[in-house]
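Novice: Dumping the structure here so I can ask a few things about it.
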Amino acid sequence: MASLISQIPKSSHLSQYIRDDKIFCTEFNLPLRDLETCLFNIASNQRWNENIPKEWSFFGIEINQKKILMRIMKISKIRSTASEITDRGEEVFKKVEKLDMLRYYHDAGKALYFKEDGLYDKVIINVQWFIDAFKHIITDKLHFTGIPGTQENWEEYYKTGNLRDQLLVEIWKYKDEELFEKLKKEEKYSDNESEDNDSEDESDENDKRYLLCHKESLLNFMQRLGLLAIGTESHYVPCMNRKEIETELLNLIEESESKSSVLVYQFDFLPFFLFFRLVVGCMQENGWKVLRNRGTSCLYKNAALFSYIQYNIVLSVTKESIQLQVFCPIQGIILETEKICLIQERIEELLNALAGTFNRKIQYVRGFRCRMDKEETIAMDIKEHFLPEKDIPKEDLKLMCPLHSVTDRHIIDTAELTRYWKL
């Protein structure tokens, strides 16, 4: 089959979006007329009609030309590029800043940019490189034969998600060396380029295809996306945590006299991915600290515990939900609704922000498990037991559970369920 790209007119920029190695032929019983109608409906959708200011086009071209030899561009470099293109460069740049050009390319998946402290001065222009950088540190350790990390560090990482900075450096160094050898074979690397790479002043402007020279930026962007939490000597990667919660901690929660009911956020999909990002977000909250037990953090594969003021916060996840509970380990202290509502509001602010980062905003339904099981106080299965808040009467009542009116009948105390939560 002739190359599809070769049939596209040379004057067209369409070829940058089409790759022969990503085209696959298949057979399906769909009439061509139906396919034609489907394509027409997609092409005529209003969301494809967005008008893009012509001043933005230079950066799209810049990304395509530079991302092969560069990974990150400084805002100052983009500004100077605009000046080179036109005598009105400064004016153009101010205009595109005002129109949020960089955010547009971020939303389009062509770049990574956040107008926030610690991030706003740089733009990742090779998104696949960034994805690969994270993929390298979450790949199974069997794929990393030859990395000189200690067995102790590997075992700690694959059990708890606690990635020692030394091990992170070894992983990315290993991948950089692979790239170095590849470039040598392709005869695209020279001693002069190597000397240029040693210059910190030009760290984002020359041959910077390697990972370690961008370590700080990579970690900052990964933390912003909720992929990991940055530490001094180690970093926490939630999706790598395989540690089970200790029985003594479950008993502590179960035996606590001061605890709320479990507030449940039911999702149609992706609760685990959102949970990982939520935990990273909570780790960055002022005043929130990860609980520790016997010198180790109370972070587990399906739960995370934090302390705030005098209260302990339990976050857990199942296939269908993220769950929130607050308790106080000090006997005799009465939980204050106002403080618990502040915790709830912050959790929901983080959840809403995370859920809105997808093309289709992820929706959740707030509610409760219709009853507590003593043997399952964290990450409770809500299948056939989830009671949406809209189905719970506003008045304080004791009533038959609407989910179990015949089999497994039990009573619901609406006041006890909703007592501390803002609904």
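The values are calculated or read from the model by the stated rules, or taken from the named source; none is laboratory data. Computed from a predicted structure; not experimentally measured. Using ideal geometry, Cβ is built from the backbone for each residue, glycine included, and neighbour counts are taken over all protein chains shown.
Novice: Residue pairs, Cβ under 7 Å, 6 or more apart or interchain, first in region 398-415 and farther than 13 Å from LEU387 by Cα, second surrounded by 11 or more Cβ atoms within 10 Å (Cβ to Cβ) and not hydrophobic (A, V, I, L, M, F, W, C). List them.
Specialist: Pairs found: LYS398/ASP413; HIS410/ARG371; HIS410/HIS404; ALA415/ASP396.
Novice: Just to be sure I understand the filter: pairs with C-beta atoms under 8 Å, separated by 6 or more residues or on different chains, first member in region 158-169 and under 14 Å from VAL280 (Cα atoms), second member part of a helix (DSSP H, G or I) and of a type in the set (D, E, K, R). Which pairs pass?
Specialist: Close Cβ pairs (under 8 Å, with a partner that is part of a helix (DSSP H, G or I) and of a type in the set (D, E, K, R)) amount to ASN162/GLU156.
Novice: Continuing with this model, one more query. For region 129-157, name all the residues that are among the aliphatic types (A, V, I, L, M) and in contact (Cβ under 8 Å) with a residue 40 or more places away in the chain.
Specialist: Those that are among the aliphatic types (A, V, I, L, M) and in contact (Cβ under 8 Å) with a residue 40 or more places away in the chain: ALA133, ILE137, ILE138.
Novice: For region 128-141, how many residues meet the condition of being of a type in the set (A, V, I, L, M) and surrounded by 17 or more Cβ atoms within 10 Å (Cβ to Cβ)?
Specialist: Final tally of qualifying residues: 2.
Novice: Just the residues that are in a loop (DSSP other than H, G, I, E, B), of a type in the set (A, V, I, L, M) and touching a Ser or Thr at 6+ places or on another chain (Cβ under 9 Å), please, taken from region 96-135.
Specialist: Hit for region 96-135 is LEU119, nothing else.
Novice: Among the residues of region 271-279, is there at least one that is free of Cβ contacts under 8 Å to residues at least 40 places away in the same chain, surrounded by 16 or more Cβ atoms within 10 Å (Cβ to Cβ), within 24 Å of the chain's Cα centre (by Cα) and not assigned by TED's automatic domain parsing to the domain that holds GLU216?
Specialist: yes
Novice: For region 301-412, which fully contained strands (runs of 3 or more DSSP E) count at least 2 residues that are over 28 Å from the mean Cα position of the chain (by Cα) and at pLDDT below 95?
Specialist: Working: elements: 303-308, 311-317, 321-328, 364-369, 386-388, 398-400.
It comes to 398-400.
Novice: Looking at (1) touching a Leu at 6+ places or on another chain (Cβ under 8 Å); (2) more than 30 Å from LEU403 (Cα to Cα); (3) among the β-branched types (Val, Ile, Thr); (4) in contact (Cβ under 8 Å) with a residue 40 or more places away in the chain, which one does VAL290 not meet, given that it meets all the others?
Specialist: (4)
Novice: Quick test of your reading of the structure: ILE347 fulfils all but one of (1) free of Cβ contacts under 8 Å to residues at least 24 places away in the same chain; (2) surrounded by 11 or more Cβ atoms within 10 Å (Cβ to Cβ). Name the failing condition by number.
Specialist: Just one mismatch for ILE347, condition (1).
Novice: Sticking with this one: Is there any pair with a first residue in region 100-116 that is under 16 Å from GLU55 (Cα atoms) and charged (D, E, K, R) and a second that is modelled with pLDDT of 90 or more and assigned to a loop (DSSP other than H, G, I, E, B) whose Cβ atoms are under 7 Å apart and which are 6 or more apart or on different chains, and what are they?
Specialist: Hits for this filter: ARG103/TYR113.
Novice: Looking at (1) among the small types (Gly, Ala, Ser); (2) over 27 Å from the mean Cα position of the chain (by Cα); (3) at pLDDT 50 or above, find the lone condition where GLY161 falls short.
Specialist: That leaves (2) as the condition not met.
Novice: Residue under question is GLU254, and the condition is that it be part of a helix (DSSP H, G or I), surrounded by fewer than 20 Cβ atoms within 10 Å (Cβ to Cβ) and outside the structural domain of LEU324 (by TED's automatic domain parsing); does it hold?
Specialist: Answer is no for this residue.
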